[in-house]
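The values are calculated or read from the model by the stated rules, or taken from the named source; none is laboratory data. Keep in mind that this is a model prediction, so the values were computed, not measured. Every residue, glycine among them, receives a Cβ derived from its backbone with ideal geometry; neighbour counts consider all protein chains shown. Only protein heavy atoms, including side chains, enter the accessible area calculation; ligands, DNA and RNA are left aside. Shrake-Rupley method; radii C 1.70, N 1.55, O 1.52, S 1.80 Å.
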Amino acid sequence: MSFGQFIALASFVLSMGTIAVTYYVGVDQGTAEFCNPFIDGCTDITHTGMKGDAGFIFRGGMIAACAFFVVWWQVMRTWLAPVSNNIALNIMQFFGVLAAVGLLAGTAVLLPEKADTNWFIHVRGANLFFQGMLLALTINFILIIRAYRRGFSVPSFRFKSVLMLILWGMFISFAGVTVGVEISNGKRIIEWWATLFIGIYLLSSYWDWRQVRLVSANANND
């Protein structure tokens, strides 16, 4: 496994795995309602990771995932650098990192008791994640289209194309993915699906980054 593949896999496993484990623990300890949230929307992601052991798992896992998101965007920038404009890459990476910072801040302020949580920061941080990530992924996909047309190898191109259609379809159909203190079942369902598809998009680079390795600058000079 190359360094790039490790980053793609870790970004997915840490984020989606944390949410899955958190929900399981929350249901087991009675702090989260049991259902299929992708269909029923009985709970949002935030409220599965607030109380009990689930809260510790959620905060620790998602904060770690945010760190890997930042590295993921750096790897993506490095991979596309030979075939892309630096200004576009800067903008892409800026919004990608901003989204990760928003999620980190929104997660860090979650506390077991609802009244103790800083909802102002959490709501804005979570929304910054969804909106910033969608913008960054869109710029990323446009750059990938241009590179692909120039003969750049992108094994996951068709898969990424489908994912972008789904993400933008949800965004347009439901007037964006927005998080609040209290949201409807429909918005909860969209939140779960949007989070999953973003995670899968990050994972899809596993097939693109087989040759992306971490090397020393000194080694290149030898």
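So, in segment 1-18, how many residues would count as being open to solvent by less than 10 Å² (accessible area, probe 1.4 Å) and under 20 Å from the mean Cα position of the chain (by Cα)? First the steps, then the outcome.
At the first step, the residues of segment 1-18 found to be open to solvent by less than 10 Å² (accessible area, probe 1.4 Å) are 2, 4, 7-8, 11, 15.
Imposing the further condition that a residue be under 20 Å from the mean Cα position of the chain (by Cα) reduces the set to 4, 7-8, 11, 15.
So the count comes out to 5.
Out of all the residues in segment 87-110, which are within 16 Å of LEU137 (Cα to Cα) and open to solvent by 30 Å² or more (accessible area, probe 1.4 Å)? Full working, then the answer.
Going through segment 87-110, the residues within 16 Å of LEU137 (Cα to Cα) turn out to be 87-103.
Those that are within 16 Å of LEU137 (Cα to Cα) and open to solvent by 30 Å² or more (accessible area, probe 1.4 Å): ILE87, ASN90, ILE91, GLN93, PHE94, PHE95, VAL97, LEU98, VAL101.
Within segment 1-26, can you find the residues that are without any contact (Cβ under 8 Å) to a residue 24 or more places away in the chain, part of a helix (DSSP H, G or I) and within 12 Å of VAL212 (Cβ to Cβ)?
Narrowing segment 1-26 to residues without any contact (Cβ under 8 Å) to a residue 24 or more places away in the chain: 1, 6, 13, 20, 24.
Checking the rest, the ones that are also part of a helix (DSSP H, G or I) come to 6, 13, 20, 24.
Once the filter is applied, which keeps residues that are without any contact (Cβ under 8 Å) to a residue 24 or more places away in the chain, part of a helix (DSSP H, G or I) and within 12 Å of VAL212 (Cβ to Cβ), segment 1-26 yields only PHE6.
Of the conditions (1) under 21 Å from MET133 (Cα atoms); (2) at pLDDT 70 or above; (3) surrounded by fewer than 18 Cβ atoms within 10 Å (Cβ to Cβ), GLY176 satisfies every one except a single condition; which number is it?
All conditions are met except number (2).
Among what's in segment 111-158 and is of a type outside the set (A, V, I, L, M), under 13 Å from ALA100 (Cα atoms) and open to solvent by 50 Å² or more (accessible area, probe 1.4 Å), pick the residue that is farthest from the chain's Cα centre (by Cα).
ARG124
Among the residues of segment 32-51, which ones are open to solvent by 50 Å² or more (accessible area, probe 1.4 Å) and either in a loop (DSSP other than H, G, I, E, B) or at pLDDT 90 or above (or both)? Walk me through it before giving the result.
Here is the first cut: in segment 32-51, the ones open to solvent by 50 Å² or more (accessible area, probe 1.4 Å) are 33-34, 36, 38-40, 47, 51.
Selection gives GLU33, PHE34, ASN36, PHE38, ILE39, ASP40, LYS51.
Conditions first: (1) charged (D, E, K, R); (2) at pLDDT 95 or above; (3) not in a helix (DSSP H, G or I). ARG158 passes all but one, so which condition is the exception?
Evaluating ARG158 over (1) charged (D, E, K, R); (2) at pLDDT 95 or above; (3) not in a helix (DSSP H, G or I) leaves (3) as the failure.
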